Each structure stands twice: as C-alpha cells, then as structure tokens.
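Since the structure comes first, as structure tokens, the remarks are kept for the end.
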C-alpha cells in the first residue's frame, strides 16, 4: 500500500492514526457534481466512467445506485483486482470479476489520479467517477457520487426513484451521521486501532449503534418505516461484510449480524434486492481484507468460513 505525494508514489501504509491510536480516515480529493446547471459536468450518456472495487463497501454503494437508477447503459465501469498491495489498487482481469482499465489500459489505479493531476497528494481510493470528455476526476467521495446518481441523470433515464426525498432529509441525515461514524467507519476504527482504548471505544460505539438499529427495526421494514432510503443503502454494504470479515478480521466479535433478530432479517431482505445481490461479490470481499492488510494478517491466511452470511 502507499499514497501519492506531489504526484509521486510512495510505499507505506495508508492507514493513519490520530494521537489516541484511532484510525483517521483521510478526506477525498475531488468533490464536483453533475447537473444540467453545472458549467462543465452535464448529464450525458456514455460520458462518465466509474472505477470501483467489489471488495470496498464505499464503492459498493455506487454500484448499487448505478443499478437501481438504471445507469448501467450510461455509465461504464472498471473493477480493480481485490488485492491492494505495495502498489495499491491494480487492474488485472485474470482474477474472476476484475477487469482491465477500460479507458487507458493503466496497470495501477494511482495512474488514474496522476492523469487527473500530475502533482496530486492523495490516498488512492475507490470509487472514482471519471469524466471522459475533460479527462479528469469529477468526484471520489462515495456519499456524493450516490447523490449524483440519485437525481443527476433522471431526465436521461426516466428513472425518478428518489432515495433521498425532500420530506425525509432530516431523518436520513441523522441516521447517516450515526451509521457512518459508529458502523461504516466504526468497523475500521476497531480493526485499525493501535491502542486498547481506541479499540474499546470503537467496538462499544459500534455495538451500541447496532443494538439501537435492531430495536428500530422491530416494527419497521426499513430504517424509516416502509420506505427504502439512502440510509439503508449506505448501511447494507457494511452489514453484508460484517459476519464474513469484520467479526474476525477487525475483532468486531461481540455479536454477529445473524445473532440480531431484526438486523439479520433486514440484511437478508435487502440482499434479495437484485441491485444489492448482483453487486455483492463475497469472494472479492474476503480476498481483499484478509490478503491486503498485512499488518493485521501477516501470513495472508484466508479463512474457509463462514459458509453462510445469514
């Protein structure tokens, strides 16, 4: 693993910790939007390209939205190899499910960032939303890419399904804040902790929030009643990785999702949505985490189980 410093690749761990030993996620580098009102980035079929990893929960969100919103014929996609090693994410279509770089034939994802900005300092992450017309990155923040997909191409596709409706903004935003801090990022806070205290804090907050969501789902189909929203679609990639990776690899082992009555039901039902099921690659998920994080699993032993995720 490594990162770009002033446009040059430097090997080393991209996992950063603050003074307390807690994992410190780095901010994303490109934050533009796509809309008819934007001076440069207009919604056009075939103009944009998505770089993803099937293993990454943040990238998984964008693939789910791409399918839910009928964008598969309008936004092309390239998938990196699940191993993220000393050269970072790489393209290698010899691994089932991974692809070559369809735009430039690059070997490494970092070259995509270097093409966008030859002097950039950044971690090299997925997802990336690329503009083929201006040859640069539009956005590499998953929470913003899914908002772009939610409404930015509606006139083009005729798909007006809205997973962030105006009337639910406040409820969704409140759920997103807790889910991101304590669950989506919470599993990484636990897994990459470098002190006992930072790990204990992360795991405590993680399971407190899971307990609260399980209670919330006692009488709800989704997090907000009967309506599937962005909050659900931001949560489900983490839940699908939980029992097969995070319980063991990140030491999030107080309970499994399958031990929760309501969360397990909810996870199973969301997994049955075609846009979720067809964009979830369990092989890539297990391979990436257990093989890539040498500081956690130095012998790169990939566990055989669990055989079922529910």
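Which members of segment 254-274 meet the condition of being more than 18 Å from residue 220 (Cβ to Cβ) and either in contact with a helix residue (DSSP H, G or I) (Cβ under 8 Å, 6 or more places away or on another chain) or outside any helix (DSSP H, G or I) (or both)?
Residues of segment 254-274 that are more than 18 Å from residue 220 (Cβ to Cβ), as a first pass: 254-256, 258-259, 274.
Selection gives 254, 255, 256, 258, 274.
Run residue 129 past the list (1) farther than 24 Å from residue 4 by Cβ; (2) touching a helix residue (DSSP H, G or I) at 6+ places or on another chain (Cβ under 6 Å); (3) in contact (Cβ under 8 Å) with a residue 60 or more places away in the chain; (4) not in a helix (DSSP H, G or I) and report the number of the one that doesn't hold.
The one condition residue 129 does not meet is (1).
Quickly run through segment 166-180 and pick out the residues that are over 20 Å from residue 242 (Cβ atoms) and surrounded by 14 or more Cβ atoms within 10 Å (Cβ to Cβ).
168, 171, 172
Given the structure, is residue 23 surrounded by 13 or more Cβ atoms within 10 Å (Cβ to Cβ) and modelled with pLDDT of 95 or more?
no
Somewhere in segment 95-112, is a residue touching a helix residue (DSSP H, G or I) at 6+ places or on another chain (Cβ under 7 Å), buried (at least 23 other Cβ atoms within 10 Å of the Cβ) and in a loop (DSSP other than H, G, I, E, B)?
No, segment 95-112 has no match at all.
Of everything in segment 181-220, what is loosely packed, with under 14 Cβ neighbours inside 10 Å, part of a helix (DSSP H, G or I) and touching a residue at least 60 places away in the same chain (Cβ under 8 Å)? Give them in sequence order.
197
Would you pick out the residues in segment 182-199 that are out of contact with any strand residue (DSSP E or B) (no Cβ under 9 Å at 6 or more places or on another chain) and closer than 16 Å to residue 246 by Cβ? It would help to see each step written out before you state the result.
Going through segment 182-199, the residues out of contact with any strand residue (DSSP E or B) (no Cβ under 9 Å at 6 or more places or on another chain) turn out to be 182-184, 186-187, 196-197, 199.
Once the filter is applied, which keeps residues that are out of contact with any strand residue (DSSP E or B) (no Cβ under 9 Å at 6 or more places or on another chain) and closer than 16 Å to residue 246 by Cβ, segment 182-199 yields 182, 183, 184, 186, 187, 199.
Provide a single number: the residues in segment 223-253 that are under 18 Å from residue 290 (Cβ atoms) and either touching a residue at least 12 places away in the same chain (Cβ under 8 Å) or not in a helix (DSSP H, G or I) (or both).
If we filter segment 223-253 for residues that are under 18 Å from residue 290 (Cβ atoms), which is where we start, we get 237-238, 240-253.
From the residues that got through so far, the ones that are either touching a residue at least 12 places away in the same chain (Cβ under 8 Å) or not in a helix (DSSP H, G or I) (or both) too are 237-238, 240-246, 248-253.
Going through segment 223-253 one residue at a time, the tally reaches 15.
The conditions are (1) buried (at least 23 other Cβ atoms within 10 Å of the Cβ); (2) under 25 Å from residue 185 (Cα atoms), and residue 69 fails exactly one of them. Which is it?
Unmet condition: (2).
Here are some conditions: (1) in contact with a helix residue (DSSP H, G or I) (Cβ under 8 Å, 6 or more places away or on another chain); (2) surrounded by 15 or more Cβ atoms within 10 Å (Cβ to Cβ). Residue 302 meets all but one. Which one does it not meet?
Checking residue 302 against (1) in contact with a helix residue (DSSP H, G or I) (Cβ under 8 Å, 6 or more places away or on another chain); (2) surrounded by 15 or more Cβ atoms within 10 Å (Cβ to Cβ), the one that fails is (2).
The values are calculated or read from the model by the stated rules, or taken from the named source; none is laboratory data. Predicted, not measured: the structure shown is a model, and the values here were computed from it. Cβ sites come from the backbone with ideal geometry, for glycine too, and all protein chains shown count toward neighbours.
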